[in-house]
Structure formats: structure tokens, C-alpha cells
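Q: Sharing a structure here in C-alpha cells format.
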């Protein structure tokens, strides 16, 4: 169903840029009263640009409604200011100012208009880089719903892509066909392919009577990573984006003097919003590189950060761990990271030991541990939910592991170390799931959320949307809350995340967090790969049994006595956690299944190893 006031008719070639350049002129008028009027010829365009700048500034002063308004204002006010710099190995940097970005977006959007209608879902099959960014903005400006996806590299990923295409009902896919030769037949019937490289640059414009994106329109579908279930398309509205970006800008005092350096995949919410959309919103430049560039050479990311002042950059524990492990002390000494103002960390449980190793390794580079900003977020709340204050660093406390298992957080030296994700915000509630009432401080409950960043729910899944997005607190005003499925607590006004409900293991009546056991195993065996250990409960003989799946690379597999390593893992888990491991399974590098954001897919492992065949094969 189309948003109110929209027509499903298609516009002819050349009209899209006319739409773009009349954004500012239309922005201060109701959408239903925009009237097309052909102006006298203006060969130089000077008078036309003057009018648009004036109207754009009026709109900018009163507050943009969508990122399309922001893009319009940027290109009219600062057309030659750098918007994005794309960095790749063995190639020159590719600089995009706002005008060049606008021209690419306009050309691609004309192709989108030819092939699709307003409200259609358009899949982005573009690698990280300019094609992806331009395709995303082209969808937004034409009121199409973008569907960012991970480029499939295996049959399993192709199956996942097909499932997303089917669920979203996508009618088209955008891809640079010279580097991503998409086969429409393999994607399923009815998918039209738009070559992002074939779209030209468009310069001319005239106003025309077409509606702009509205705050209530869906901007894109963010398919959840699926660490605990089947991926679902989260409906992110334009107003959700503007709210979340505004909170980030205000919370971390961001200005046009900042810059960002990101290697995070743009099809993931953190990479898309912080790497590509936040810079557009605030008006500072963004340097983007592909995840593979970073993974091959973490130093390349740090060098980009070192080039600028007031840098914003970060990622999950993986990023900091790789840098500490693979960047030599000599290389670190040559870096100047004193301008790194905000080093955000999120997307997975924050490991304080990893952050300490990074801070110690790069103190010689001028890195300040106070720059760390641990954050908590999820796609259902657009991205950001809560985070540490700017300049506060990563603050941790130790809590009794036994008491945490019983649902209460009691400080204890040498207990389980957890990092605060900042002072708890007014839209965050820690809730007793059974009573549906707020928990007292230090009591563990489910984290519930409300506010302008909460998205519209799951695409075409009304029942799941109602269950997750319609929770209410007993004795309060009936305001709907989002149930996150995350467990946490408040201690002295600070929010702590302790785990996920669906990943919690119940062993002999005890609540066991798998991340605790994984940290114990890796901490006791430094040669094992961080991120390559997965602990979960498999259903064996009608009972939940604790399983460990541990990756070994080819060298380790050839040199390590796996029987002795298994005994050592069993021993340390028994000693530290007083539980027995039913089975330790060694697999090859990269065989622990993870989401695109690096989260371990424990539900998938549980399903796999709960089957008789899979378990028998693991024993052989």
C-alpha cells in the first residue's frame, strides 16, 4: 500500500534531477500543495540556484525532515565540500564532494524510476564503496525502500539472499555488473537488474509536482543478523533515522570539524548509519574502506585515523583485538592517534581485556583510553540505544558470577567483569519479564525500549511485530515498549548488558552465560583464535548438554595435540565454572557460523549439534 498522496505512475527520464533540485523549494510547503510551474529560461542557472539556496536555508533553519532534505541542503550550500573518500588497496583514493555525489545519485535514480514504482523494495547488491552509497541515496530520494544485503560468497549465502528477496518482495536489484555479475535467474523470478555503472551523470533540472519522502515512510529494511533466529526485515522509517542520528550528534557533540573512518560493512546497521549516514547528517567527511581491506591489514585503518583530527572510528571487539595482535610496536610508534576523539565499540559484548590490550599497545601512538565509548544498540531501535559519555572511557566493574546466575548483580573483586554502556537513558527500562514491572537497581531483567528511534516493526510479520513492539508495563500509562531480548541491569545509574535471553544456558538450574565460558577458554589458551570459540547447549538424549566448538587453523591442527587440548578445555571450564563440558569439537578456521556483524550463531549451532547425525559425525 502506497503512502498517502502518492501515485504509482512512473516518471520519464530526466525528471529525477528536476525532483532533486526542487527539494528545498518544496520543503516549506505541505506535500499535497506542491505545484509545478515552468520558469522563464535562465541559461546560466544563477537565479535558479540563488532561489534554491535561499529556500534551502529557510528549510535548514527550521529542521530537515529526512536525509533527502539534508542531502539537498548539502549540495546547494557546500557542493565542493568532501562528502566521502573511498580507500582501497593498490588504487588511488576516490573523492566524492556533494556535487559529484548528487550527480551520481541523480543518474542512478533515473534508472530506478524507469524500472520500479514508489514503495517498491530495491535490493542493493553492491560491494562497499561508492556504488553502495549512491544506490542507497538514490532509493531514498525516489521513495523506494532500500534493502541492503551481504554479497553472497557461498551457496548458503545465496540461499539466505533468496530468502530475503522473497520476504521483502523486492522487484529490482542494483549492482555494478562488471564486478558483481548478477544472474537474475539465480535470484528468482521477476527481479530486474539495474547496473549502477551504467547510470550517467545528470545536470539539468526543473521543478515538478512530485512528493518528497515523508518522515513516516519506510527508508530501508534492515534484515537482522540472525544470531538467534531467522533474519527479519526491520522497517526503519525516515523519522527514525533522523531521531537516531540527532541523538548521536547531540550525545557525542559532533560538528563539521569531525571526520569518520569506517571499514564496517554497509549492509550492517552500524556500518551503514555511522559510516555513511551520520557524516551526511552532521556534515563532516567520511573515509570508507572495505571490510576485507581492514582484515588483510588493520594498520591501513589506523593510518587513515592518524591522518585527521577529531576522528570518530570504531567497531566490535574484533577490530581492536586484530589491531593489538597484528600491528607491530614499531608500526604503532609511527602513528599519531592523538586526534582520535571517539573510539566507539559495540555490535557484540564488549570485552574489557581486549580494550586494555589495545590501549596499552597504542599508548605509544598517543591513543587515549578515555576516547573509548562503549555503546549498546540494535536494528529494531534504528541503531543506537545507549552509550558511555564522550571522554569517559570504558568503565568496568566486577560482579559475583554466582549471583549473576541468580539474577542479581553484586559487586565482588575478581568476579565477572562487565563494562558499563553509559548512564541509563530515560527511554530504557529493565523489566521483570513475568511481572512486567521495572526492576530495582542491581536486579537483572529484560531491556525494554521506547522513543522516536523505535522502528515500525518487522516487514510483513504483524504477529511478531505485536509481540516484540507492543509490550506494556503494569501500572503505567500503556506506552508501548520494544522487547529487546537482551538481559541487563542498572548499577549506580549505569546500564550493563549481561547476555541474551535466547542464548542463556540453564545447567542444573543455573543460568550460565556462554560468553563467560568462551572468555575463560580463550584466556586460558592464548594460542586459540579469539572469536573462534563457541559455547552453547545442545539437546542430547533429551537433556541440554554444554558443547564447545573451537576453530583451529591448518597450522594449529597439524601441530596441536587435540586430545590434550580437549582435556585442558574441560579442566579449565570445570575449575572456573563448576560445570562439565559434554563434548569439545574442533573445526577449521572460519567454520564457527557467524552473522555479518561477527556474532556467533548459537541457535544454528544448537540446531546442528542437537541432531543425531551431526553429533555422531563430530565424535568420529
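Each value in this text was obtained by applying a stated rule to the coordinates, not by laboratory testing. Not measured: the values here are computed from a predicted model. Please note: Cβ atoms are built from the backbone with ideal geometry, for glycine as well, and neighbour counts cover all protein chains shown.
Q: According to a simple spin-label model (label point 7 Å from Cα along Cα-to-Cβ), what is the distance in nm between residue 307 and residue 77?
A: About 2.6 nm, to one decimal.
Q: Which length gain, in nm to one decimal place, applies between residue 555 and residue 95 when the Cα-Cα distance is subtracted from 0.36 nm times their residue separation?
A: 161.5 nm
Q: What whole-number distance in Å separates the alpha-carbon centres of the range 270-285 and the range 376-454?
A: Answer, in whole Å: 26.
Q: Oh, and also: What list do you get for 504, 337, 288, 241 if you sort them by fewest beta carbons within 10 Å?
A: Starting with the residue having the fewest Cβ neighbours, the order is 504, 337, 241, 288.
Q: Taking neighbour Cβ counts within 10 Å as the exposure measure, how do 384, 609 sort from fewest upward?
A: 609, 384
Q: OK, next. How big is the gap, in Å, between the Cα center of the range 490-565 and the Cα center of the range 150-172?
A: 30
Q: Find how much the distance from residue 216 to residue 166 grows on full extension, using 0.36 nm per residue of separation minus their present alpha carbon separation; answer in nm with one decimal.
A: Extending this stretch completely gives an extra 15.6 nm.
Q: Another one. Among 434, 476, 77, which comes first, then next, by fewest other beta-carbon atoms within 10 Å?
A: 434, 476, 77
Q: Tell me the label-point distance for the pair residue 587, residue 392, using the 7 Å Cα-to-Cβ offset, in nm and rounded to one decimal.
A: Distance between label points: 3.7 nm.
Q: Turning to a different aspect of this structure: Using 0.36 nm per residue of separation minus the Cα-Cα distance, give me the extension gain between residue 510 and residue 155 in nm, one decimal.
A: That works out to 123.9 nm of additional length.
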